[in-house]
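J.: Dropping the structure in here first, questions after.
The values are calculated or read from the model by the stated rules, or taken from the named source; none is laboratory data. These figures come from a predicted structure and were not determined experimentally. As a convention, Cβ positions derive from the backbone with ideal geometry for all residues, glycine included, and neighbour counts pool all protein chains shown. SASA here: full protein model, heavy atoms, side chains in, ligands and nucleic acids out. Shrake-Rupley method; radii C 1.70, N 1.55, O 1.52, S 1.80 Å.
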Amino acid sequence: MTSPSSLRAFSKALAPRGASRRLLRAASSSIPALSPAHRRSYSTHPPNAKLNLPTDYSTTPLLAHSPHAALGNPELPPEVRNGTTKRMNLFQAVNDALSIALAEDESVLVFGEDVAFGGVFRCTGKLAETYGGDRVFNTPLTEQGILGFAIGAAAQGMRPVAEIQFADYVYPAFDQLVNEAAKFRYRDGACGRSAGGLTVRMPCGGVGHGALYHSQSPEALFTHIPGLRVIMPRSPLQAKGLLLAAIRSNDPCVILEPKILYRAAVEQVPTGAYALPLSKAEVLKEGSDVTVVSYGQPLYKCEAALRQAEKDLGVSVELIDLRTIYPWDRETVFRSVRKTGRCLVVHEAMVNAGVGAEVAAAIQEDPETFLRLEAPVARVAGFSIHTPLMYEAFNLPDVARIYDNIKKVLEY
Amino acid sequence: MKSLRLSRPPPAALFRRGALRPASTLSASTSTARPPPPHQRPRPALQQRRHASSLSQRPDAKYLMFPGAVKSQFSHELRFVQPSAHEALPTYRAVDQHGVVVDPSFAPDLSDEEVVKLYRDMLTVSIMDVVMFDAQRQGRVSFYMVSAGEEAVSVATASALAPEDVIFCQYREQGVFKQRGFELSDFMNQLFANHKDPGKGRNMPVHYGSRELNIHTISSPLATQLPQAAGAAYALKVQRMQDPSVPPRVVATYFGEGAASEGDFHAALNMAATRSCPVIFICRNNGYAISTPTLEQYRGDGIASRGVGYGIDTIRVDGNDFWAVREVTRRAREMALQDGGKPVLIEAMTYRVSHHSTSDDSFAYRARVEVEDWKRRDNPIARLRKWMEAKGIWDENQEREARESIRRDVLKAFSEAEREKKPPIRAMFEDVYEELTPELQEQMKQLRRHLEKYPEEYDVSPFEGGKESLDK
Ligand SMILES: Cc1ncc(C[n+]2csc(CCOP(=O)(O)OP(=O)(O)O)c2C)c(N)n1
Ligand SMILES: [Mg+2]
C-alpha cells in the first residue's frame, strides 16, 4: 500500500510540478470537478484502516532522525563517527556516495541513460559538472551496450558505476550480467582478470502506479547467479555505505534502490566516506518469538506490523534486514531463528522462486535451525503475477498481511 | 561448417598486395598500404579458399566476389569511408511550413472531406493531450504523455495504411489510434483504467491497444516491438503464400530515435531484411530521448542511414508535413508488398515540443527559447491548416467550431470514463496463463480470505464485484 504523499514524491522525483503549464495551454478550468464519492486514486489507504496506514517516515525507528542516532551506528569507522551528519533523502545519499567515489578514485566512471543532467531520479545531479564529462556521461539508449561497456571498462581496471534507468529495463543486459560479469573471473582463471570493478545501480519496486514496467523487483533473477553480489538498501545512510562498499568491492555488484524511498526516506547521514559491510545482515530490532526477515522498502511495513503484533499479542519480534540478498548472511538469520523458532520472509517480488524460497529452504536445511522450528517458515510477497496498475494495494505485502502472518506463525 | 562450401573466398593475391584486407587486420596507422605481418594475415580465409571451390573469382575481374560484398570493386586506393564526406540524406517535403506546395509533382489524393477528417484527428489528439496533461497535474490520472508537434507523423502515416494492416506502436502515437477509429471513450477508458479498458486496468495510462483496430497493446520497454513487427510481417507473408485469397497486408511499427539505439532495433532491421518481411519501420526522430539529445544518441546520419546499411529501402521525410508523410507512407506500403515483400524504413524528422511525459520537466535540460523557436517556426497542425485555408476548405470559424466541439467531446468522455468502476480484482490473477494455475487459484482464495478478515484495511468499493469477484 502506498500513501498519497509517496505517490506525490514519485511524480516529484521525476518532475517539479507546474513547469509544463507554460508549454501547453491550460485547460484545467474546463475539466469538470469530480464529486468526492467518485474520486478514485491509485492505492491510497482506506479511511478506517488501522494497519494499512501510510508509512510515516518522519517517525519510523528505521531511520536516524538525529545526528546522534546516525553517528551511533557501530559499523561506521571511528573518524566518521566523530564527524558530522547531514539530512538527506535516499537519492541525495546515492549522489553523495557517487561524489565521494569519483573524488577518491579516479578510476570511477558514472554513466547511463540521462545521467548527465542528473538522471530521472536525480541521483547523479551535478556530478558531470563537478567531475567532468569524461567520467560522468550520458550513454545511448541501450542497456546491453551500457553493461557490456561497463564490463569492458572494469576488465581494463576502471570502476564503472552504470545506471539502468529502471530495474524493469535491465533485461536487454541480462546476457552481459549473467554470462559476462558473473563469469569473467571464473573463466579467466589464473590470468586473474575480472569485472569486479563493476557496480550496477537500478531503481526498483512499487510506487503505487508503476504498473507492469515501472514496479518490478527482479532481485531473485540475479541472486540465482553466482558471481554477482546483489544488494538492496533500506535507507539513505545504508544506501551511501553500501554503494561505496559496492564500488570499492572487487566483485561485480548489482544494487537495487527502492525508488519509492528516493524522496520519502529522509534521515541524518554521516558526511564522511564510509563503507558498510557487504553480505552482512543487520538485526534492526531484537526479539524472542518470531524472526521477520526482509530487505528494502517492506522493512517499514514489517516494522509497523510487528509493533502492532507486539502490542496486540504480547510477543516480541526480531526484525532482520538482509541488505545483501546474495551471497546472504545465513549465520545471522540462522542464529535468530534458532532463538525464536519462527520465521517470516517478506519481499515485494513474486513469491514463486523468490528470495523467500531460498531463505526458507536454507533454514530448514540447517539441522540445528530445523530442530528449533515451531512453525513452517512463512512468506509474505507479491503474488505469482505481474505488477498490475490498479491492484498494487492487493498485490504487494502490506502491514495487514505481514501482521496476519506473524499471528499465523505464532498460532501454528 | 556447412556454409563453407558455398562461400566465395577472396584470392590470396589480393591480400598479399595489401590492397584490400578485412578491416579487422588493419592497424591503427592507416597512411601506408603495407601488408600485415605474416602472423596477422587472414589465414582462415586462405584455408577456406583451398576447400571452397564451387564459386571462384574470375581472373582479372573488376569486382571482388566475396560472398559478403558481392559487387565491391577492386581499388588500389587505400581510403577509409568518411561519413562526414557524405552529404546528409535529403528530407522529402511536399508542402512547406507556410502551407505552400513545394513538390511540383504533388497532387492530393484525398477528397476535401477526407482531409478535414484527418485534420480533425490531429486536432483531437492535441486537444486531448492538453486536457489529459492537466488532468495528471490535478491528480486525476497518474501519468500521461502528449505528442505535441508530432501529430502529423502518426495521423498521416496511419492514413496511408489499410485498416487490416497490423500496427505496433511505441507510445507517442495516439494519432494512429485516433485515425483508425479509436473513440475518445476508448482513450479515456484506458487512461482511467476502468472496467471498459481492454487492458483490464493492468497497464499504465497511454498503453492503449485494440484488437479490432489491429494495433497491438503498447509495451513500455523500448524497441521490443521492432523485431516483433518483423516477425508479424513474416507471418502475414507466409499466411498469404499459403492462402492467396487473403488480402496483402503489411505491418507498420513506430519508434523513437532513442529507441533505435537498442539492440532490438538492429536485430529487427536485419531480420526483416534477410527474411524480406513486408514491414514499414517508422521512426519519429524528435530530437530527444527524455533528456538525451540526438548528438549524444548517435553520430551517424540519423536513423535513415542505418536502413541503407541493412539493405533496406529508406527515406527521410519532413515529419511536420502531413502530405509528405502520407505520400511517403503510401509509397512505402506499395514497396513493402512488392516482390513478395520487403522492409522499408521511414525516418520522420520532427520535434518533441512538450516534456517527455508528465514525470519530466524538460527545462532542466533544454532552453525554453529552443522550444519557443520551434513552436513559432513550425507545427504540423498549423501547416495543414494553412494549406487547407489556401485551398478554401477551412476558415477561422470552422477552426473555432471544431476546437470547441472537440473539447466538449473530450471532456464528456473524460467525465464518463472517470466515473466508471474499476475492473474486478480477479483480473489481477487472470491472463498470466491461459488458465488459472492451481497456485494462482490458491492465491486468489488466500486474498479473498484476507479481505474478508481485514475489511477495514482495503477499499474494494471501486472495483466491479468487490471482493466477491475472487470467488469462483
Ligand atoms: C528498454 C528501456 N529502457 C529505458 C526506458 C525508459 N525510457 C522511456 S522513454 C525513453 C526515451 C525514448 O526516447 P525516443 O525513443 O527518442 O522516443 P520519444 O520519447 O522521443 O518519443 C526512455 C529512456 C524504457 N522505456 N525502455
Ligand atoms: Mg525521441
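J.: Would you mind stating whether B:A272 is among the small types (G, A, S), within 16 Å of ligand 1 (Cβ to nearest atom), assigned to a helix (DSSP H, G or I) and open to solvent by less than 10 Å² (accessible area, probe 1.4 Å)? Even if it seems obvious, please write down each step before you answer.
T.: Values: among the small types (G, A, S): yes; within 16 Å of ligand 1 (Cβ to nearest atom): no; assigned to a helix (DSSP H, G or I): yes; open to solvent by less than 10 Å² (accessible area, probe 1.4 Å): yes.
No: the conditions fail for B:A272.
J.: Here's another thing I want to ask about it. Go through the residues of the stretch B:183-201 one by one and say whether even a single one is modelled with pLDDT of 95 or more and either under 25 Å from B:A94 (Cα atoms) or β-branched (V, I, T) (or both).
T.: Looking only at the stretch B:183-201, we keep the residues that are modelled with pLDDT of 95 or more, and these are B:183-201.
Those left that are additionally either under 25 Å from B:A94 (Cα atoms) or β-branched (V, I, T) (or both): none.
Looking through the stretch B:183-201, none of the residues is modelled with pLDDT of 95 or more and either under 25 Å from B:A94 (Cα atoms) or β-branched (V, I, T) (or both).
J.: Restricting attention to helices (runs of 4 or more DSSP H) lying wholly within the stretch A:348-412, give those where 2 or more residues are away from chain B (no Cβ under 11 Å). Break it down stepwise before answering.
T.: Numbers: elements: A:355-365, A:367-372, A:392-395, A:399-411.
By residue number, A:355-365, A:367-372, A:399-411.
J.: With A:A181, A:A150, A:A93 as the choices, which residue is open to solvent by less than 10 Å² (accessible area, probe 1.4 Å), away from every other protein chain (no Cβ under 14 Å) and without any contact (Cβ under 8 Å) to a residue 60 or more places away in the chain? Break it down into steps so the answer makes sense when it comes.
T.: Numbers: A:A181 fails: without any contact (Cβ under 8 Å) to a residue 60 or more places away in the chain; A:A93 fails: without any contact (Cβ under 8 Å) to a residue 60 or more places away in the chain.
Being open to solvent by less than 10 Å² (accessible area, probe 1.4 Å), away from every other protein chain (no Cβ under 14 Å) and without any contact (Cβ under 8 Å) to a residue 60 or more places away in the chain holds for just one of A:A181, A:A150, A:A93, which is A:A150.
J.: Return a yes/no flag: does the stretch B:217-231 have any residue that is outside the structural domain of B:F429 (by TED's automatic domain parsing), more than 16 Å from ligand 2 (Cβ to nearest atom), in a strand (DSSP E or B) and farther than 14 Å from B:Q170 by Cβ.
T.: Taking the stretch B:217-231 and keeping what is outside the structural domain of B:F429 (by TED's automatic domain parsing), we get B:217-231.
If we keep only those that are more than 16 Å from ligand 2 (Cβ to nearest atom) too, we end up with B:217, B:219, B:224, B:227-231.
Now drop any that are not in a strand (DSSP E or B), which leaves none.
No: the stretch B:217-231 contains no residue that is outside the structural domain of B:F429 (by TED's automatic domain parsing), more than 16 Å from ligand 2 (Cβ to nearest atom), in a strand (DSSP E or B) and farther than 14 Å from B:Q170 by Cβ.
Matching residues to (1) at pLDDT 95 or above; (2) over 28 Å from B:L118 (Cα atoms); (3) under 16 Å from the mean Cα position of the chain (by Cα); (4) open to solvent by 20 Å² or more (accessible area, probe 1.4 Å):
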position: B:S276; (1), (2), (3), (4): yes, yes, no, yes
position: B:R284; (1), (2), (3), (4): yes, no, yes, no
position: B:V308; (1), (2), (3), (4): yes, yes, no, yes
position: B:T329; (1), (2), (3), (4): yes, no, yes, no
position: B:D339; (1), (2), (3), (4): no, yes, no, yes
position: B:A348; (1), (2), (3), (4): yes, no, yes, no
position: B:D373; (1), (2), (3), (4): no, no, no, yes
position: B:R376; (1), (2), (3), (4): no, no, no, yes
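J.: Restricting to the stretch B:432-454, name every residue that is facing chain A (nearest Cβ under 9 Å) and either surrounded by 13 or more Cβ atoms within 10 Å (Cβ to Cβ) or under 17 Å from A:G382 (Cβ atoms) (or both).
T.: Residues of the stretch B:432-454 that are facing chain A (nearest Cβ under 9 Å), as a first pass: B:432, B:437, B:439-440, B:443-444, B:446-447, B:450-451, B:453-454.
Of everything in the stretch B:432-454, those that are facing chain A (nearest Cβ under 9 Å) and either surrounded by 13 or more Cβ atoms within 10 Å (Cβ to Cβ) or under 17 Å from A:G382 (Cβ atoms) (or both) turn out to be B:V432, B:T437, B:E439, B:L440, B:Q443, B:M444, B:Q446, B:L447, B:H450, B:L451, B:Y454.
J.: Oh, and also: Name the single residue that is nearest to B:V102 (Cα to Cα) among those in the stretch B:413-431 being more than 9 Å from every other protein chain (Cβ to nearest Cβ) and outside any loop (DSSP other than H, G, I, E, B).
T.: B:A413
J.: Can you tell me which residues in the stretch B:169-201 are in contact (Cβ under 8 Å) with a residue 24 or more places away in the chain, part of a helix (DSSP H, G or I) and farther than 19 Å from B:V325 by Cα? I'd like the intermediate steps shown before the answer.
T.: Step one: filter the stretch B:169-201 for residues in contact (Cβ under 8 Å) with a residue 24 or more places away in the chain, giving B:169-189, B:191-197, B:200-201.
From what's left, part of a helix (DSSP H, G or I): B:174-180, B:184-189, B:191.
Scanning the stretch B:169-201 gives B:L184, B:S185, B:D186, B:F187, B:M188, B:N189, B:L191.
J.: Tell me which helices (runs of 4 or more DSSP H) are completely within the stretch B:282-373 and hold 1 or more residues being more than 13 Å from ligand 2 (Cβ to nearest atom) and polar (S, T, N, Q), or say none if there are none. Explain how you work it out, then say what you get.
T.: Working: elements: B:294-297, B:304-309, B:322-337.
It comes to B:304-309, B:322-337.
J.: Please identify the pairs in which a residue from the stretch B:212-240 that is farther than 14 Å from B:G263 by Cα has its Cβ atom under 6 Å from the Cβ atom of a residue that is modelled with pLDDT under 95 and within 16 Å of ligand 2 (Cβ to nearest atom), counting only partners at least 6 apart or on another chain.
T.: Partner pairs satisfying both residue conditions: none exist.
Quick grid of which residues meet (1) part of a loop (DSSP other than H, G, I, E, B); (2) within 16 Å of ligand 2 (Cβ to nearest atom); (3) more than 14 Å from every other protein chain (Cβ to nearest Cβ):
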| position | (1), (2), (3) |
| --- | --- |
| B:I127 | no, no, no |
| B:V130 | no, no, no |
| B:F133 | no, no, no |
| B:G139 | yes, no, no |
| B:S142 | yes, no, no |
| B:M145 | yes, yes, no |
| B:G149 | yes, yes, no |
| B:A156 | no, no, yes |
| B:L161 | yes, no, yes |
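J.: Shifting gears a bit: Looking at (1) in contact with a His (Cβ under 7 Å, 6 or more places away or on another chain); (2) surrounded by fewer than 18 Cβ atoms within 10 Å (Cβ to Cβ), which is the one condition that is false for B:E183?
T.: Checking B:E183 against (1) in contact with a His (Cβ under 7 Å, 6 or more places away or on another chain); (2) surrounded by fewer than 18 Cβ atoms within 10 Å (Cβ to Cβ), the one that fails is (1).
J.: Related question: For the stretch B:378-408, how many residues are under 29 Å from the mean Cα position of the chain (by Cα) and either open to solvent by less than 70 Å² (accessible area, probe 1.4 Å) or within 14 Å of another protein chain (Cβ to nearest Cβ) (or both)?
T.: Within the stretch B:378-408, the first condition is being under 29 Å from the mean Cα position of the chain (by Cα), and the residues that meet it are B:378-388, B:403, B:406-407.
Applying the additional criterion that residues be either open to solvent by less than 70 Å² (accessible area, probe 1.4 Å) or within 14 Å of another protein chain (Cβ to nearest Cβ) (or both) yields B:378-385, B:387-388, B:403, B:406-407.
Counting residues in the stretch B:378-408 that are under 29 Å from the mean Cα position of the chain (by Cα) and either open to solvent by less than 70 Å² (accessible area, probe 1.4 Å) or within 14 Å of another protein chain (Cβ to nearest Cβ) (or both) gives 13.
J.: Within the stretch A:253-263, identify whether any single residue is aromatic (F, W, Y) and under 30 Å from A:S66 (Cα atoms), and answer yes or no.
T.: Let us first name the residues in the stretch A:253-263 that are aromatic (F, W, Y), namely A:262.
Imposing the further condition that a residue be under 30 Å from A:S66 (Cα atoms) reduces the set to A:262.
Looking for residues that are aromatic (F, W, Y) and under 30 Å from A:S66 (Cα atoms), one finds at least one in the stretch A:253-263, hence yes.
J.: Continuing with this model, one more query. Residues of the stretch A:292-314 being of a type in the set (A, V, I, L, M, F, W, C) and either free of Cβ contacts under 8 Å to residues at least 60 places away in the same chain or more than 21 Å from A:D329 (Cβ to Cβ) (or both), which ones?
T.: Keep residues of the stretch A:292-314 that are of a type in the set (A, V, I, L, M, F, W, C), which gives A:292-293, A:299, A:302, A:304-306, A:309, A:313.
Correct list: A:A304, A:A305, A:A309, A:L313.
J.: Could you please find all residues in the stretch A:153-178 being assigned to a loop (DSSP other than H, G, I, E, B), closer than 14 Å to A:L198 by Cα and open to solvent by 10 Å² or more (accessible area, probe 1.4 Å)? Walk me through how you get there before you give the answer.
T.: Initially, the stretch A:153-178 is screened for residues assigned to a loop (DSSP other than H, G, I, E, B), giving A:156-158, A:164-166, A:170.
Checking the rest, the ones that are also closer than 14 Å to A:L198 by Cα come to A:156-158, A:164.
Correct list: A:Q156, A:G157, A:M158.
J.: Taking the stretch A:254-272 only, how many residues are open to solvent by 40 Å² or more (accessible area, probe 1.4 Å) and over 17 Å from the mean Cα position of the chain (by Cα)?
T.: Result for the stretch A:254-272: 1.
J.: Can you pull out every residue in the stretch B:280-298 that is over 19 Å from B:L226 (Cα atoms) and more than 8 Å from ligand 1 (Cβ to nearest atom)? I'd like the intermediate steps shown before the answer.
T.: First, the residues of the stretch B:280-298 that are over 19 Å from B:L226 (Cα atoms): B:287-288, B:290-296.
B:S291, B:P293, B:T294, B:L295, B:E296, listed by residue number.
J.: Moving on. Looking at the structure I just gave you, is B:E435 modelled with pLDDT of 95 or more and over 23 Å from B:F187 (Cα atoms)?
T.: Values: modelled with pLDDT of 95 or more: yes; over 23 Å from B:F187 (Cα atoms): yes.
Criteria met by B:E435.
J.: Right, next: Of the residues A:S217, A:S194, only one is within 24 Å of the chain's Cα centre (by Cα) and touching a residue at least 40 places away in the same chain (Cβ under 8 Å); which? Working first, answer last.
T.: Values: A:S194 fails: within 24 Å of the chain's Cα centre (by Cα).
Going through A:S217, A:S194 in turn, the sole match is A:S217.
J.: Related question: Considering each residue of the stretch B:109-129, count those that are closer than 23 Å to B:E347 by Cβ and in contact (Cβ under 8 Å) with a residue 60 or more places away in the chain, and give that number. It would help to see each step written out before you state the result.
T.: Filtering the stretch B:109-129 for residues closer than 23 Å to B:E347 by Cβ gives B:109, B:118, B:121-122, B:125-126.
Now narrow it down to the ones that are in contact (Cβ under 8 Å) with a residue 60 or more places away in the chain: B:109, B:118, B:122, B:126.
Qualifying residue count for the region: 4.
J.: I want to confirm something. Restricting to the stretch B:240-266 and keeping residues that are among the hydroxyl-bearing types (S, T, Y) and away from chain A (no Cβ under 14 Å), which single residue is farthest from the chain's Cα centre (by Cα)?
T.: Looking at the filtered set, the residue picked out is B:S245.
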